[in-house]
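As structure tokens, the structure follows; a few thoughts come after it.
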Amino acid sequence: MTIANKASRAPKKLSMKQRYQVLTRDLDWEPTYVDPKDVFPHTEFEGITIHDWSKWEDPFRLTVDAYCKYQAEKDKRLYAVLDGFAQSQGHLTLTDASYLNAMKLFLQGVTPLEYQAHRNFAYLARHLNGPGPRFASLCQSIDELRHTQTEIHTLSNDNKYYSGFHNFQQMHDRVWYLSVPKSFFGDALASGPFEFLIAIGFSFEYLLTNLLFVPFMSGASFNGDLPTMTFGFSAQSDESRHMTLGLEAIKFLLEQDEANVPTVQAWIDKWFWRGYRVTALIAQMLDYMLPRKVMSWKEAFELYFEEQMLKGLFADLAFYGITPPRHVEDAIAEKEILSHQVYWTLYQFSHAAAFTTSVPTAEHEKWLAETYPETFDKLYKELWDKERENIAGGGRHFVRGLPQLCQVCQIPMLFTEPGDPTTICQRESEFKGEKFQTCSNGCQWIFEREPEKYVQAWLPVHQIYQGSCGGPTVPDVLAWYGVQEGDSGEHRGSLDDRRWQEWHADSVKEGN
Ligand code: FE
Ligand code: ZN
């Protein structure tokens, strides 16, 4: 055989699209001697009808080798930044040790959710009937595992010098405020595959992702935290794929059968409110925890939710007969008061948390008053004025009792009646002769739609009363939480604060 001959017989180079087809879809087959229902047993019980799985479009056309090469590049960059930061004692250039409270909340509250997302997308990668969504789920599953790892590696450097980072997994499983994100994700994990796609793929990754991640990452960049910014960028570049999967999922379900529309609408209604309630933790983080402010919760909510989602996305979804989420008006009405109510609660319970809190400084209060001209001075300033008097008298106050928790979102009853910011909102429902309490119209609606599910909730306060949390006293419970000296309470004069002052006094002496 001559060389010329050989060349003429060489196969033509495939286009990206053909290559993708060959590498992914064409490896799929129709089962012949096993009933497809036995191969994919989980995609019918939710009442969703799919006529043609091949209609699922995968806009990324990613292959495994391209995926791995791309992710490895990003990891290399991240770990170079982490090394540089660690070697140059970069943590000393943060705005203040109190900034790290935001990162403690992230590691304790968000990183374990990444791992749960990894698990559930792996489940979808096995159980969805179509090869397109299976492969997209596989990629997302690997992404989420990578996010878990890069976040732990990044924040492990802070664990060498600061409190609150040492025991995040145990805390996530046990501590009261962390049951808010944990139960949110547990609810999604306990759903069927299509509800999970709408809960996490659409509502979390599409509707609310910018409200959840951008505040943390911009907060990091404004406060000198280069490593967190870098893992943030690395994760955000996967996010465009995750958002596309979420959007593709909802369009696919809506286009496959008109009968799917009411089911999908109910899931959007439920998961918008579930996700929105979790963002209460972000709201207070933005307005109170960051020493150098990025933007207010109100601004973030208006930009990332009202403008981009409500006006943009839901206008498009109206084509399918989908309406904006139920109770969205209650969320909009809360934007002026949410962060203040949440931080005031966390402030009073931080003796039982794994972060620290403080009364806002005069400069901080000025910012709050300017940013929230309608509400801060009128409703919240006097609380802090009174607390300053308490502190001057030696009585920085912590609430010793236990709050009632919402049966659905598991947040203490701190939210107020729509239109009346001075009356606590509490809703009561009955199920099988027992009474259950919820924090809002949204949570009550969710409870009453599936009471069988929510009566099983592991409510931290109830568990303490039942004796499941280490013992009857605060030190017993804190020991069971894995909270150590320095993790909790008042920030000023805390272990982190004292060390921070010492390190910075040293560097002034050394003339650095
Ligand atoms: Fe992630
Ligand atoms: Zn609630």
Any chance F196 is under 18 Å from the mean Cα position of the chain (by Cα), within 16 Å of ligand 2 (Cβ to nearest atom), modelled with pLDDT of 90 or more and in a helix (DSSP H, G or I): no
Looking only at region 234-265, and only at residues there that are more than 16 Å from ligand 1 (Cβ to nearest atom) and of a type in the set (D, E, K, R), the one that is nearest to T43 (Cα to Cα): D257
Qualifying position, being open to solvent by 30 Å² or more (accessible area, probe 1.4 Å), assigned to a helix (DSSP H, G or I), of a type in the set (A, V, I, L, M, F, W, C) and over 22 Å from L247 (Cα atoms), among A369, A283, A333: A333
Region 256-280: number of residues that are surrounded by fewer than 21 Cβ atoms within 10 Å (Cβ to Cβ) and in a helix (DSSP H, G or I): 8
Some residue of region 235-249 being assigned to a helix (DSSP H, G or I) and either within 26 Å of Y288 (Cα to Cα) or within 16 Å of ligand 2 (Cβ to nearest atom) (or both): yes
Number of the condition not met by G224 [criteria: (1) small (G, A, S); (2) within 16 Å of ligand 1 (Cβ to nearest atom); (3) within 30 Å of Y79 (Cα to Cα)]: (2)
Within region 94-122, tally of residues that are over 20 Å from V175 (Cα atoms) and under 20 Å from the mean Cα position of the chain (by Cα): 7
L113 more than 16 Å from ligand 2 (Cβ to nearest atom) and surrounded by 22 or more Cβ atoms within 10 Å (Cβ to Cβ): yes
Selection count where residues are in contact (Cβ under 8 Å) with a residue 60 or more places away in the chain and either over 21 Å from T244 (Cβ atoms) or of a type in the set (S, T, Y) (or both), scope region 313-328: 4
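Got a sec? Which of L253, L212 is more than 16 Å from ligand 2 (Cβ to nearest atom), open to solvent by less than 10 Å² (accessible area, probe 1.4 Å) and either within 23 Å of Q284 (Cα to Cα) or at pLDDT 95 or above (or both)? Spell out how you get there, then give the answer.
On the way: L212 fails: open to solvent by less than 10 Å² (accessible area, probe 1.4 Å).
Exactly one of L253, L212 is more than 16 Å from ligand 2 (Cβ to nearest atom), open to solvent by less than 10 Å² (accessible area, probe 1.4 Å) and either within 23 Å of Q284 (Cα to Cα) or at pLDDT 95 or above (or both), namely L253.
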Any hit, region 290-312, residues being surrounded by 19 or more Cβ atoms within 10 Å (Cβ to Cβ), under 21 Å from the mean Cα position of the chain (by Cα) and under 28 Å from G394 (Cβ atoms): no
Some residue of region 5-14 being among the hydroxyl-bearing types (S, T, Y), in a helix (DSSP H, G or I) and either modelled with pLDDT of 75 or more or over 15 Å from R134 (Cα atoms) (or both): yes
Failed item in (1) surrounded by 12 or more Cβ atoms within 10 Å (Cβ to Cβ); (2) free of Cβ contacts under 8 Å to residues at least 60 places away in the same chain; (3) over 28 Å from K17 (Cα atoms), with V81 passing the rest: (2)
Hits in region 132-163 - residues which are of a type in the set (S, T, Y), within 10 Å of ligand 1 (Cβ to nearest atom) and surrounded by 20 or more Cβ atoms within 10 Å (Cβ to Cβ): T150
Failed item, numbered, when T323 is tested on (1) part of a loop (DSSP other than H, G, I, E, B); (2) closer than 30 Å to N159 by Cβ; (3) open to solvent by 10 Å² or more (accessible area, probe 1.4 Å): (2)
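The values are calculated or read from the model by the stated rules, or taken from the named source; none is laboratory data. Bear in mind the structure is a predicted one, so any value in this text is a computation, not a measurement. Quick reminder, even Gly has a Cβ in these numbers, built from the backbone with ideal geometry, and neighbours come from all protein chains shown. Note: accessible area is taken over every heavy atom of the protein model, side chains too, but ligands, DNA and RNA are not part of it. Shrake-Rupley method; radii C 1.70, N 1.55, O 1.52, S 1.80 Å.
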